[in-house]
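*Asks:* Here's a structure for you.
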Amino acid sequence: MAMRCGIGWGEAPAKAILLGEHAVVYGHPALAVPLSELRARAEARFDHSLDDVVVRVPDRGLAVSLSRDPHNPLTLAVRLAVEALHASPRNLELRLESSVPVASGLGSGAAVSAALMRATASLFGISLDPARLSELVYEVEKVHHGTPSGIDNTVVVYRRPVFYRKGSPPEFPLPGTELTLLLADTGQGSLTREAVGAVRRARAADPERIDSIMGEIGRLVEAARRALESGDAEELGRLFDCNHAALQRLGVSSPSLDTLVEAARKGGALGAKLTGAGKGGHALVLVTEESAGDVRAALEAAGAHRVTLCRVPRK
């Protein structure tokens, strides 16, 4: 065991799926990016008055302990990290804060888990290998989502744009130009487990139709990767629009999402779509620096609860 430190720190960004929601669960690719403007942060310290692991979330007035709630995602994340370090899960206090909206398709659960795990490893003077950390975060994702695709943990751990296909090593495309994105909050929660379950039931009832839509989404993702790498933002925006139409046909959009997507397009966006599981959550809007202000105003006028500007840098 490495030398213990006085305090450990960890953080992880939010994520947004550019294209590929739902289809990624069924073996098709997805394209996602980290959002560094929204992130989870954690600090860890030893407290020998605690014969336990306690995670505190001061902003929410929440405290959970491993002894009382071992299956809580927060305590589970710390326990998995401690076990991976071959240490003892006791005498630990962690504090967590996060600006990533929960139940919004932005990878909040994965970001929180990664931040807690990094803080725990840092406390013991160790840095977890990204591949191992991603595996550990994925175990917590199962608690959140039931049958996660694995894309959330991959993006928030590696903190790079990811071309992801379940069961294959992640690939890291390099954006040919900086992307300017607006995240528009519908104000309605989006529960991944429920939306994924609804699509699964639809596929069981009509597999030919649903599989056809999934295949279409997969082809859009392949085209989007080429547009991203070549720096063709206009083409990427067009593909956003096509992907949203396919997700509408899957039944995972909502009136509030469709309203924001349409308002963004009329306001001058390059493209707009839901991001994440759907049925609420956020619309993701691709804009230019010049159009960002007008599109933001259009989204706010259409009822967006909050609009966040995010940038994905050129590599």
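The values are calculated or read from the model by the stated rules, or taken from the named source; none is laboratory data. This structure is a prediction, so every number in the text was calculated from the model and none was measured. Backbone-built Cβ (ideal geometry, glycine too); neighbour counts: all protein chains shown. Only protein heavy atoms, including side chains, enter the accessible area calculation; ligands, DNA and RNA are left aside. Shrake-Rupley method; radii C 1.70, N 1.55, O 1.52, S 1.80 Å.
*Asks:* Using C-alpha positions alone, give me the convex hull volume of the stretch 37-141 per residue in cubic angstrom. Could you put the intermediate results ahead of the total?
*Replies:* Numbers: hull volume 10.5 nm³, N = 105.
About 100 Å³ per residue, rounded to a whole number.
*Asks:* Using helices alone, I'd like the mean residue ellipticity at 222 nm for the chain: each DSSP H run of four-plus residues gives -39500 (n - 2.57), total over residue count, nearest 500.
*Replies:* On the way: 9 runs with 130 residues, N = 315.
Computed mean residue ellipticity for the chain: -13500 deg cm²/dmol.
*Asks:* Run the paramagnetic zone check for residue 7: 7 angstrom along Cα to Cβ, then residues of the stretch 51-68 with backbone nitrogen under 13 Å.
*Replies:* Label zone hits: none.
*Asks:* Going Cα to Cα from residue 266, which aspartates and glutamates come in below 14 Å? Please leave out same-chain ones fewer than 8 positions away.
*Replies:* 241, 258, 294, 300
*Asks:* Provide the gained length on full extension for the span residue 83 to residue 49, in nm with one decimal, where the gain is 0.36 nm per separating residue minus the Cα-Cα distance.
*Replies:* Numbers: separation 34, 0.36 × 34 = 12.24 nm, distance 2.09 nm.
Extending this stretch completely gives an extra 10.1 nm.
*Asks:* To continue, here is another question. Which shape class applies to the stretch 199-308: rounded if a/c is under 1.5, otherwise prolate when a/b exceeds b/c and oblate if not, where a ≥ b ≥ c are the square roots of the Cα gyration tensor eigenvalues? Before the final figure, lay out the partial values.
*Replies:* On the way: a/c = 2.97, a/b = 1.37, b/c = 2.16.
Judged from the Cα gyration tensor, the stretch 199-308 comes out oblate (a/c at least 1.5, b/c at or above a/b).
*Asks:* So if we plug the beta-carbon distance of residue 172 and residue 102 into 1/(1 + (r/R0)^6) with R0 = 41 Å, what FRET efficiency do we get, rounded to 0.05? Walk me through the numbers on the way to the answer.
*Replies:* Details: r = 27 Å, r/R0 = 0.66.
Efficiency, rounded to the nearest 0.05: 0.90.
*Asks:* At a 1.4 Å probe, what is the % contribution of carbon and sulfur to the accessible area of the chain?
*Replies:* Of the solvent-accessible surface of the chain, carbon and sulfur hold 49 percent.
*Asks:* Moving on to the next point. Filter 15/142; 273/315; 15/315; 142/315 down to the pairs with a C-alpha to C-alpha distance above 21 Å, please. Could the numbers behind the result be given before it?
*Replies:* Details: 15/142 17 Å; 273/315 24 Å; 15/315 17 Å; 142/315 32 Å.
Cα-Cα > 21 Å for 273/315; 142/315; rest within.
*Asks:* Here is a follow-up. If you roll a 1.4 Å probe over the heavy atoms of the protein chains, what accessible area per residue do you get for the chain, in Å²?
*Replies:* Values: 13000 Å² over 315 residues.
Result: 41 Å² of accessible area for each residue.
*Asks:* Continuing with the same structure: Please work out the FRET efficiency for the pair residue 63 and residue 300, using the Cβ-Cβ distance as r and a Förster radius of 45 Å; give the result to the nearest 0.05.
*Replies:* Values: r = 36 Å, r/R0 = 0.80.
Calculated value: 0.80.
*Asks:* With charges only on Cβ, +1 for K and R and -1 for D and E, what is the dipole size of the stretch 93-242 about its Cα centre, in debye, rounded to 20? Kindly include the intermediate steps, with their values, before the conclusion.
*Replies:* On the way: 17 positive and 21 negative charges, 80 e Å.
Around 380 debye, computed over the stretch 93-242.
*Asks:* Round to a whole angstrom and tell me the spacing of the C-alpha centers of the stretch 226-242 and the stretch 49-115.
*Replies:* For the stretch 226-242 versus the stretch 49-115, the Cα centre distance is 38 Å.
*Asks:* By how many nm would the segment from residue 226 to residue 188 grow when fully extended, if each residue of separation counts as 0.36 nm and the alpha-carbon distance is taken off? Write down the numbers at each step before the final one.
*Replies:* Working: separation 38, 0.36 × 38 = 13.68 nm, distance 3.27 nm.
Going from the current span to full extension adds 10.4 nm.
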